Amino acid sequence: MYRPADIKTGLLNLWGWRQNYDVSNFVVADSLTVSSTGQFYQEVHPLLTLENIKSIAPDFKNITYPTWGTLTVYRIGDRVTASNGSTYRAKEASEDKEPSANPTEWENFEPFSEWLEEKTKASIAKALRVFWSEKMEEKTAKNLLESKALFNGTGRMSDVVLSTESLVGFELVPIRAQGVTTKIEKIGLQMTGTGNVRMFLLHSSQMLPVKTFDFVRTKNAGSQWFTPTEPLFIPYLGDEIDAGGSWYLVYKQTDLAEGVQAISKTKDWSAAPCNSCDRNELINYNIWSRYLEVHPFKVQTQYEAGTGDLNNDFNDDFANAELKLWDVSKNIYTPSTNYGVNLQITIECDITDLVLQQKRSFQNVIGLQVAVDMVREFAYNPNFRVNRNAQNFSRMELLYELDGDSQSYKKSGLVHELNKNMAALKLDVTSLSRVCFPCNNKGIKFRTV
């Protein structure tokens, strides 16, 4: 699994498009000319010139955009022509925000550059899709657990959790392995009464919550499942979090409506192999416990009577609507209760961060994939021309550049080069993650002669 949007953005400037020499004719956006490796797509094949590419692009001179108006409500992605004649794309929803004077809401764009960027990103996504599919087919990449609940059923009505005005929930500790990501698909809540429950997701490396969610319970005492409005990923390592550490999914007991109490489902995950689990729960536990630790806990707003002074710093933060990370050494782990919370989780190999960290390993494949896709589009586009005299280039000649000479025993062509580099790449990344890219050693076969 990977995140296509992040892959496209992260690898876009691995290569660049060299600016057109005849700038009086047309230019491309500066963002497309950036190359982190110093390589440009025009170097992959002589046919990849901006003049050739423009010949198969839509005729943007005949495409017009509505004139921006003060009384129109614009949505993200809307395109307009401003009073200065330039074209703008909406970055945010707005009304009465003149594009040239409001860069927060609008961004200037050039249609050909936008089209070329979309084509380039599509080829990047295709290269990663082929890479991942072939790794899965060869069983040298894998998904781990798909959409399973931590436990089945509901708690008994009598097993209510007495409120101690504490912060309660789960400490979640992902496996220390790059590429393994746990996604919380749904959050189940079982409580007496109804009303709003505000939940916080924090990481031990950050003071403020990563996500905050409000769930409105309508079932009295029954278990009710909620799908977060935004995906909840809890990886071991990410761009915004330090390696390792713990995640905390919590709520404040003081935020619950008066008289509302959690109903506990007793599952003692500290006593492996989950002695209180039924057969199906035990099967799931044996899978997800290899990649994720789940520890129910609470943090009291003040120390137990007679054991110390008030924890005033925590009390101040606890009273605020926005929670801050507390002193985690004060966590009190309670393996015998779940505080009315259940999770439906998926554990996947998300290679996005691995790819972005090792992006230079993918440079040859990306460059060749863009070249193959563009030349193939040349072959099937009747408007394509290859020189200033507008001499047509036959489809047969273009396909020869792609596939080589089919009558020769020696393989050649862009597609052959792409396949060779893809095979080398699949071998090169094997050591990046022992969990997500396991070795598929088929062993030695013996036979008689």
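The values are calculated or read from the model by the stated rules, or taken from the named source; none is laboratory data. Since this is a predicted model, take the numbers as computed values, not measurements. Don't worry about glycine lacking a Cβ; one is built from the backbone with ideal geometry, like all the others, and counts go over all protein chains shown.
Of note:
- Those residues of region 48-65 which are surrounded by 11 or more Cβ atoms within 10 Å (Cβ to Cβ) and farther than 15 Å from residue 109 by Cβ, in sequence order: 48, 49, 50, 51, 52, 53, 54, 55, 56
- Enumeration of residues in region 1-30 that are loosely packed, with under 13 Cβ neighbours inside 10 Å and of a type in the set (A, V, I, L, M, F, W, C): 5, 23
- With respect to the conditions (1) assigned to a loop (DSSP other than H, G, I, E, B); (2) under 28 Å from residue 14 (Cα atoms), residue 114 falls short on a single one, namely (1).
- Reported count of residues in region 347-363, each being surrounded by 19 or more Cβ atoms within 10 Å (Cβ to Cβ) and either in a loop (DSSP other than H, G, I, E, B) or out of contact with any Gly (no Cβ under 7 Å at 6 or more places or on another chain) (or both), is 7.
- Qualifying residue in region 196-204 (condition: farther than 29 Å from residue 244 by Cα, in the same structural domain as residue 345 (by TED's automatic domain parsing) and either surrounded by fewer than 17 Cβ atoms within 10 Å (Cβ to Cβ) or in contact with a Ser or Thr (Cβ under 8 Å, 6 or more places away or on another chain) (or both)): yes
- Given (1) closer than 23 Å to residue 176 by Cα; (2) modelled with pLDDT under 80; (3) touching a Leu at 6+ places or on another chain (Cβ under 9 Å); (4) not small (Gly, Ala, Ser), number of the condition residue 344 does not satisfy: (2)
- Of all residues making up region 41-97, the number that are charged (D, E, K, R), under 34 Å from the mean Cα position of the chain (by Cα) and assigned by TED's automatic domain parsing to the domain that holds residue 394: 2
- Taking region 23-48 as the range and being under 20 Å from residue 12 (Cβ atoms), among the β-branched types (Val, Ile, Thr) and part of a loop (DSSP other than H, G, I, E, B) as the test, the residues that pass are 27, 28, 34, 37, 44.
- Condition met for residue 146 (more than 17 Å from residue 371 (Cβ to Cβ), part of a strand (DSSP E or B) and touching a residue at least 24 places away in the same chain (Cβ under 8 Å)): yes
- Of residues in region 1-47 being out of contact with any helix residue (DSSP H, G or I) (no Cβ under 7 Å at 6 or more places or on another chain) and acidic (Asp, Glu), the one farthest from residue 114 (Cα to Cα): 43
- All positions within region 55-101 that are touching a Ser or Thr at 6+ places or on another chain (Cβ under 6 Å) and in a loop (DSSP other than H, G, I, E, B): 65, 82, 84, 96
- Single condition residue 245 does not satisfy, out of (1) surrounded by 15 or more Cβ atoms within 10 Å (Cβ to Cβ); (2) assigned to a strand (DSSP E or B): (2)
- Subset of region 69-91 (residues that are surrounded by 10 or more Cβ atoms within 10 Å (Cβ to Cβ) and in contact with a Lys or Arg (Cβ under 9 Å, 6 or more places away or on another chain)): 74, 76, 78, 79, 80, 87, 88, 89, 90
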